[in-house]
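Take a look at the structure set out below.
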Amino acid sequence: MAESRIEFSFEAYFKRNSNAIDYRGGVDLNTNPNLQLETLNAEERSYGLEFLLKMNSGRLNGWLALTLSKTERRIKSDLVINEINSGEYFPSNFDKPIDFSSFINYNLSKRWKFGANFSYSTGRPVSFPDQRFDLDGVEVVRFSQRNNFRIPDYHRLDISLTFSGSLKRKKLLSGTWTFSVYNLYGRRNPFSVFFGRRALSDPLFTPYQLSILARPFPSLTYSLTIK
């Protein structure tokens, strides 16, 4: 049976989990030796739509994939001190409402091929420090509600140009050259976000962002195939 040149798929899903694990508010996850005593039972629900458009053949081929989703948690307890965000639903750590990716391959000629890959996703939910005050000479930091903010969105474009060697069908060696550029427009996608004060007297915290490969990164690759 011949493969379809164009494929399209659509899926919807809903999932509920009543035994998710989360942590109490204000817990030190780095130096606490008894983290198992700081966990709370959470309800979690996930739902969304997934779309896929795929072109399997032709001079222009590739695929587009889009996911629209929501993942939320709720932690309710008989003890108010154990509740998170007043017992209301809040975004899970892995909630990404929009997740889009695409790959396009275009045959310029029998030997030359152009490729492009683009990806985009909503930034991960985080809790930011929003207030600082002194309590009997001790600095106390107050954080926002759980996952009430998001780090910047992630997006990146990669391109490539591939040149194939001999087009003979019967050949012992076959080689290709590929020139590619990772992160073409130099997007400074956040790898991590941390906070600090520019001066000890500054009552507000300043966010700092760590990015990896935040500039266009070119590369040249030669691939040799032995048949």
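The values are calculated or read from the model by the stated rules, or taken from the named source; none is laboratory data. Keep in mind the model is a prediction, meaning the values are calculated, not measured. Note that each Cβ is placed from the backbone with ideal geometry, even for glycine, and that neighbours are counted across all protein chains shown. Heads up: the accessible areas ignore ligands, DNA and RNA and are worked out on the full protein's heavy atoms, side chains in. Shrake-Rupley method; radii C 1.70, N 1.55, O 1.52, S 1.80 Å.
Please enumerate the residues belonging to the range 128-163 that are outside any strand (DSSP E or B), within 28 Å of the chain's Cα centre (by Cα) and not charged (D, E, K, R). Talk me through it step by step, then tell me what you get.
Quick first cut of the range 128-163, residues outside any strand (DSSP E or B) only: 128, 136-137, 144-148, 151-153.
Checking which are within 28 Å of the chain's Cα centre (by Cα) leaves us with 128, 144-148, 151-153.
Matches in the range 128-163: F128, S144, Q145, N147, N148, I151, P152.
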Query - Test result for S46, open to solvent by less than 40 Å² (accessible area, probe 1.4 Å) and among the polar types (S, T, N, Q) - result: yes
Query - Residues satisfying the stated conditions in the range 94-108, i.e. in a loop (DSSP other than H, G, I, E, B) and modelled with pLDDT of 90 or more - result: D95, K96, P97, L108
Query raised in the report: Is there any pair linking a residue in the range 169-194 that is modelled with pLDDT of 80 or more and assigned to a strand (DSSP E or B) to one that is open to solvent by less than 100 Å² (accessible area, probe 1.4 Å) and among the acidic types (D, E), with Cβ under 7 Å and at least six apart or on different chains, and which?
Result: S180/D158; V181/D158; Y182/D158
Query raised in the report: If we scan the range 9-31, do we find a residue that is open to solvent by less than 60 Å² (accessible area, probe 1.4 Å), of a type in the set (S, T, N, Q) and not in a strand (DSSP E or B)?
Result: no
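I'm trying to understand the selection: among the residues of the range 115-144, which are farther than 20 Å from Y208 by Cβ and surrounded by 15 or more Cβ atoms within 10 Å (Cβ to Cβ)?
Restricting attention to the range 115-144, the residues satisfying the condition of being farther than 20 Å from Y208 by Cβ are 115-122, 133-138, 140.
Selection gives G115, A116, N117, F118, S119, Y120, S121, T122.
Taking E139, is it among the acidic types (D, E) and within 22 Å of T71 (Cα to Cα)? Explain how you work it out, then say what you get.
Working: among the acidic types (D, E): yes; within 22 Å of T71 (Cα to Cα): no.
It is false that E139 is among the acidic types (D, E) and within 22 Å of T71 (Cα to Cα).
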Query raised in the report: Just for the range 203-222: of the residues that are within 30 Å of V140 (Cα to Cα), touching a residue at least 40 places away in the same chain (Cβ under 8 Å) and open to solvent by 70 Å² or more (accessible area, probe 1.4 Å), which one is nearest to the chain's Cα centre (by Cα)?
Result: Q209
Query - Of residues in the range 77-88 being touching a residue at least 24 places away in the same chain (Cβ under 8 Å) and not in a helix (DSSP H, G or I), the one least open to solvent (accessible area, probe 1.4 Å) - result: I84
Query raised in the report: Residue check, T67 against (1) in a strand (DSSP E or B); (2) of a type outside the set (A, V, I, L, M); (3) at pLDDT below 90, all met but one. Which one?
Result: (3)
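Restricting the search to the range 109-123, which residues are under 23 Å from the mean Cα position of the chain (by Cα) and part of a strand (DSSP E or B)? Spell out the reasoning first.
Taking the range 109-123 first, the residues under 23 Å from the mean Cα position of the chain (by Cα) are 115-123.
Within the range 109-123, G115, A116, N117, F118, S119, Y120, S121 meet the criteria.
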